[in-house]
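Chemist: Can you read through this structure? Questions will come right after.
The values are calculated or read from the model by the stated rules, or taken from the named source; none is laboratory data. Small disclaimer: the values here were computed from a predicted structure and weren't measured. Heads up, the Cβs are rebuilt from the backbone with ideal geometry, glycines too, and the neighbour counts pull from every protein chain shown. Surface accessibility is based on the protein's heavy atoms, side chains included, excluding ligands, DNA and RNA. Shrake-Rupley method; radii C 1.70, N 1.55, O 1.52, S 1.80 Å.
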Amino acid sequence: MKENFKTINQALDAAGFKPALEDAAGNRLDFKFTAYSLNSKLSFRFENLEEFTEFLNTAGFPVDEARMTQINSAFIEMNLNPDSFFYVNFFERGKEEDM
């Protein structure tokens, strides 16, 4: 596993979101993409979309065709280049307004 993936997994563990990408209460982890960090404990830089999908797959959150379509749509909406770096900000699903 890549070293940066270990760091991300440790931060998610500390926030109570592993190994099923949900917390003890069953709240699912979700994420948003940005071109910048939100300077939170759960904001991480990925070098490109391929690296991010690799992370999701190794974290037990397989990226199927439907999920990839959602991700690609988000990149278009955010005007992000999938071949350039970006940030992923993880949060508890349903708490988007807190971001």
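Chemist: Heavy atoms only, 1.4 Å probe, whole protein assembly: order 68, 78 by accessible area, highest first.
Modeler: From most exposed to least exposed: 78, 68.
Chemist: Ranked by accessible surface with a 1.4 Å probe, highest first, in what order do 83, 64, 30 come?
Modeler: Largest to smallest exposure gives the sequence 83, 64, 30.
Chemist: Here's a follow-up. So, counting K/R as plus one and D/E as minus one, what does the shell of residues with Cβ under 15 Å around residue 83 add up to?
Modeler: Local charge sum for residue 83: -3.
Chemist: Enter the accessible area of residue 88 (Å², nearest 10), with the probe set to 1.4 Å and all protein chains included.
Modeler: My reading of the accessible area for residue 88 is about 0 Å².
Chemist: Tell me the chymotrypsin sites (Phe, Trp or Tyr not before Pro) within segment 38-99 that lie in a loop according to DSSP and have at most 13 other beta-carbon atoms within 10 Å.
Modeler: The qualifying sites are 85.
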